[in-house]
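Have a look at the structure below, then the notes.
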Amino acid sequence: MMSELPREVSGENSDRWHAMAAGLLGWTLDAFDFFVVIFLLDTLAEHFRVPKSDIVLTITATLAMRPLGALLFGMMADRYGRRRPLMVNVLFFSAIELLCGFAPNYAVFFILRMLFGIGMGGEWGVGASLAMEHAPVRWRGVLSGILQSGYSVGYLLAALAARLVLPNWGWRAMFWVGGVPALLALYIRTKVPESEAWKQHRVARTIDGPRIAWQHKWLSLYLVALMFLMNCLSHGTQDLYPDFLKHAHGVAANTVAYIAMSYNVGAVVGAVIFGLLSERIGRRYSMLAALAVTLAVIPAWAFGSTLAVLACGAFVMQMGVQGAWGIIPVHLNELSPDAVRGLLPGFTYQVGILFASATPRVEFALRDHLGYAWALTAFELVVIAALSLMLVLGSEKRGRSFMRQPDEVAV
């Protein structure tokens with residue numbers, strides 16, 4: 001079956017590859033720019049002479065600003081197309097990341113991380129709609145997994161930078177590398193075609209997007225709640241895990257970077273596997289299967305007695321977490337009304353981030369009462385239970401057409 005993929009998306013359909021590559025690269029580089037801070041908590045706290053909790057607060061600020069970016073860029077994407085807003089977005093978040101490397105003090109750094117949140121929030125929705133609207137119906141699931149795996153690849157690249165760039169050139173160079181994604185705008189400009197589905201359903205005015213979304217308020221509220229829990233799942237297992245390994249298990253910083261690289265490989269594998277599975281058993285059942293994996297591996301992930309057990313637990317944990325996440329781009333795009341596919345998936349995703357933005361601080365506070373391992377465990381057990389219930393009670397529209405006169409048949 002996999003052998004059919006090149007024939008589906010090559011030749012006259014090469015435009016699909018370019019659209020997919022733009023979404024994947026944009027999300028990868030955006031995630032890299034976000035996760036750089038995760039590996040610099042101690043370094044930045046020492047440099048700016050603030051408590052480490054203040055650096056954790058910058059993570060929360062970035063997450064909290066993402067809905068604004070999703071709203072602004074999503075509205076533009078439904079009015080002016082996917083390509084131009086995506087180019088502007090890439091240039092914006094690249095410039096802000098570059099400036100973070102020149103921050104003279106904590107206050108400036110905090111403001112820049114807030115601004116970066118706007119750029120990060122705008123990329124996912126626009127990039128995902130562009131990629132999914134070009135994807136062949138039968139391959140949406142696996143391509144969704146590949147697209148979302150860009151988040152894990154970005155995390156992996158940040159870990160690699162922490163191992164290679166940080167020791168040799170210092171923390172500022174970590175952010176300067178984040179300016180490189182600006183080159184992606186040139187690729188989008190020259191290679192990526194506009195979405196035909198958008199041309200059929202474009203809104204007449206920029207303000208029409210929020211109005212149409214409000215007409216589907218119950219769907220919007222459901223997606224916000226779903227994305228709140230999904231972000232609690234991912235950020236609760238990722239953001240503080242390097243710090244957990246260092247301070248709860250005494251793992252050296254270089255070793256932590258290697259473990260992070262390893263579990264992000266697991267995340268990529270999980271995103272592709274469960275994305276492909278979603279074409280066979282449906283979006284929700286595949287996500288439930290991925291959640292079952294995360295639940296089963298918690299003892300090794302949080303309470304492993306050896307470094308090998310912890311590393312294997314983290315690898316499998318991220319297979320499950322990003323396995324569930326790999327289905328999100330296609331699931332949200334299929335559920336969203338045609339006219340607001342640029343706005344609604346990204347905006348509900350980022351509002352979910354807003355509500356989940358305190359996740360690192362909550363876990364960090366629980367650590368003082370329960371210990372690091374139990375803080376992470378207790379938080380994730382509640383999240384997994386609530387998320388499973390939402391998926392059981394929810395719905396899906398697997399294989400729906402995005403075109404008024406589709407030239408593909410859903411399978």
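With q set to 0.10, 0.12, 0.16, 0.22 Å⁻¹, the log10 of I(q)/I(0) for the range 236-347, from the Debye formula over equal scatterers at the Cα positions, is -0.35, -0.48, -0.74, -1.07. In the chain, taking the dipole from charged Cβ atoms about the Cα centre, the farthest positive-side position among GLY394, ALA324, ALA61 is held by GLY394. Tell me which of LEU343, HIS235, SER305 sits at the most positive position along the dipole axis of the chain, charges placed on C-beta atoms (Lys, Arg +1; Asp, Glu -1). Going by the charge dipole, the pick is LEU343. Full extension of the segment from TRP17 to TYR258, taken as 0.36 nm per residue of separation minus the current Cα-Cα distance, would add 83.7 nm.
Under the Kirkwood approximation applied to all pairs of distinct alpha-carbon atoms, what is the hydrodynamic radius of the range 218-297 in Å? Intermediate values should be presented prior to the final figure.
Details: mean 1/r = 0.0687 Å⁻¹.
The Cα-based Kirkwood calculation yields 14.6 Å.
Could you calculate the FRET efficiency of HIS216 with LEU393 from 1/(1 + (r/R0)^6), where r is the beta carbon distance between them and R0 is 22 Å, rounded to 0.05? After rounding to 0.05, the efficiency reads 0.80. The protection proxy used here, the mean number of other Cβ atoms lying within 10 Å of each residue, ranks peptides 373-381, 352-360 as follows, highest first: 352-360, 373-381.
Helix 344-356 and the longest principal axis of the C-alpha atoms of the chain enclose an angle of approximately 20°.
Spacing of the modelled spin labels on HIS249 and ALA173, each 7 Å from Cα toward Cβ, amounts to 2.9 nm. Ordering of 382-394, 232-244, 127-139 by packing is 127-139, 232-244, 382-394, highest average first (other Cβ atoms within 10 Å, averaged per residue). Starting from the Cα of ALA365, step 7 Å toward the Cβ, then list every residue of the range 27-68 with an amide N under 18 Å from that point. 51-64, by backbone N distance to the label point. Charging the Cβ of each Asp and Glu at -1 and of each Lys and Arg at +1, and nothing else, the dipole of the chain about its Cα centre rounds to 600 debye.
Label-to-label distance, ALA378 versus LEU307, with points set 7 angstrom from Cα along the beta-carbon direction: 3.0 nm. All Cα-Cα separations within the chain were binned at 10 Å from zero, giving a P(r) of 5, 24, 35, 25, 10, 1, 0, each value a whole percent of the pairs.
Rule-based calculations on the coordinates, nothing more; no lab input. Owing to the predicted nature of the structure, the values given are computational and were not obtained by experimental measurement. Because the Cβ atoms are built from the backbone with ideal geometry, glycine has one as well, and the counts that use them run over all protein chains shown.
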